[in-house]
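Notes to accompany the following structure.
The values are calculated or read from the model by the stated rules, or taken from the named source; none is laboratory data. Since we're looking at a predicted model, the values are computed, not measured. Using ideal geometry, Cβ is built from the backbone for each residue, glycine included, and neighbour counts are taken over all protein chains shown.
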Amino acid sequence: MEDAQQRITNLFTAHPIFGKMGPDSLQAIAHLSNMVSVPEGQMIVQEGEASSVLYLLVSGTAVAVREGPDQETIVLNAVAAGDCIGELAFLDGGPRTASVRAETECQVVAIPTEPLKNSPQGQGVVGDLKSALASVVVKRARAMSDEMLASLRRQLEIKTVQNQFGYFLIFTISIFLISTTLFYLVAEDYVADVYDPAFSWQTLIFLALPSLVVIKMMKIPLADLGIKREGAWRSFVESVSFCVAITIPTVIWMVWFQKPSASDDTGATIDGFFFFHYFIHSFFQEVGARGLFQGLFQKFLDDSRGHRSIFLTSIVFASLHITFGIDAVVITFFASIGFGYLYLRQKNLLGVTIVHYWLGVLAAMMVAF
């Protein structure tokens, strides 16, 4: 018994809370305290019970838990060796606000309240202990306040993401409806030439409207769309270098190996206006495909690596070219895969717009000449 009491006294003396008390108070508390072994899975204190016994966890691990509205167990926080258990009930005499369950076999020091109060100088000793425990309560209250604030912030963020996902879903549906409508017009021969600049600009306007609405509703900054100075020069140099590299073998193939087309109907007309308006188209297509779709897919899917976002974006991007035929859908799907990884690397819309534009120009030239 003497060895156990001395061990408890040594534990109290070395403890950052109990060590602040005077030696007489520590001796009085240690004399009435007991070392208790709690098996794994057993409750050290039970939520709602009318007990004000204070515990000090000496060894092992435990968790504070509460019963949820559907009688499920909600884990509040971990309890480590050196932590006090049941200090609130000890201070105010109220019922336990939570349960503490031993996760492993635990050794605890139990400090009984009533015998301590009834001991010689008990009121003074209890007052000293309550003063020492005040710092624990304040620390717990601050941690709980910070956790509640963080929880509120997370809930607001979740609500915001839910609202934004709703806008994104409507935007996606709108894009597909516009694409389907345009394909119907072409299929019914309402559009004589899908390469006509007038039809191209009308298509761009129709597709731009829902994009502008979702950008405004979701308050997406230009930087999140890839329109920013950061990384622009690197993006420009890498993309121009790639365009030069791909142009050399293309020109060689066109000059020495390409056979003349048997038909005069080659599709797009290559002139000055084509070079101008196709660049504008390339830019706005990349704002929608990479800036909006790929960026929002990454956000809502929590796709840090970007593979799923690029694949889904490429499906949407390819479907928008259905009016140009199935071959255009296949080509733009694989091209979009490449554009997606280029944008994922550069995080800037300048480079992918340049590559998109120049590959389209080369493809048009190969068809036209």
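So the values come out like this:
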item	result
Criterion: assigned to a strand (DSSP E or B) and without any contact (Cβ under 8 Å) to a residue 24 or more places away in the chain - qualifying residue of Val100, Val75	Val75
Condition broken by Leu344, with the remaining ones in (1) surrounded by 15 or more Cβ atoms within 10 Å (Cβ to Cβ); (2) over 30 Å from the mean Cα position of the chain (by Cα) satisfied	(2)
Exclusive hit being in a strand (DSSP E or B) and of a type in the set (A, V, I, L, M), set Leu56, Leu91	Leu56
Sole residue being free of Cβ contacts under 8 Å to residues at least 60 places away in the same chain, assigned by TED's automatic domain parsing to the domain that holds Leu342 and hydrophobic (A, V, I, L, M, F, W, C), chosen from Leu212, Leu207, Leu225, Leu182	Leu212
Residue tally, condition loosely packed, with under 15 Cβ neighbours inside 10 Å and either among the β-branched types (Val, Ile, Thr) or touching a Lys or Arg at 6+ places or on another chain (Cβ under 7 Å) (or both), over the range 6-40	2
Selection count where residues are among the charged types (D, E, K, R), at pLDDT 90 or above and in a loop (DSSP other than H, G, I, E, B), scope the range 211-242	3
Qualifying residue in the range 152-161 (condition: surrounded by 12 or more Cβ atoms within 10 Å (Cβ to Cβ), touching a helix residue (DSSP H, G or I) at 6+ places or on another chain (Cβ under 6 Å) and on the phi < 0 side of the Ramachandran plot)	no
Pair list, Cβ under 8 Å, 6 or more apart: the range 1-25 residue on the phi < 0 side of the Ramachandran plot, other residue of a type in the set (Asp, Glu)	Met21/Asp128; Gly22/Asp128; Ser25/Asp128
Test: residue in the range 254-277 that is in the same structural domain as Tyr167 (by TED's automatic domain parsing) and closer than 24 Å to Leu222 by Cβ	yes
Output for the range 26-72, where each listed residue is within 21 Å of Leu88 (Cβ to Cβ) and without any contact (Cβ under 8 Å) to a residue 40 or more places away in the chain	Ala64, Val65, Arg66, Glu67, Gly68
Search result, residues across the range 278-329 that are touching a residue at least 60 places away in the same chain (Cβ under 8 Å) and part of a loop (DSSP other than H, G, I, E, B)	Leu320
Candidates Ser25, Ser51 - the one that is assigned by TED's automatic domain parsing to the domain that holds Pro115, among the hydroxyl-bearing types (Ser, Thr, Tyr) and part of a helix (DSSP H, G or I)	Ser25
Within the range 169-201, tally of residues that are within 16 Å of Tyr278 (Cα to Cα), at pLDDT 75 or above and assigned to a loop (DSSP other than H, G, I, E, B)	1
Hey, Gly351 within 19 Å of Ser235 (Cα to Cα) and surrounded by fewer than 17 Cβ atoms within 10 Å (Cβ to Cβ) or not	no
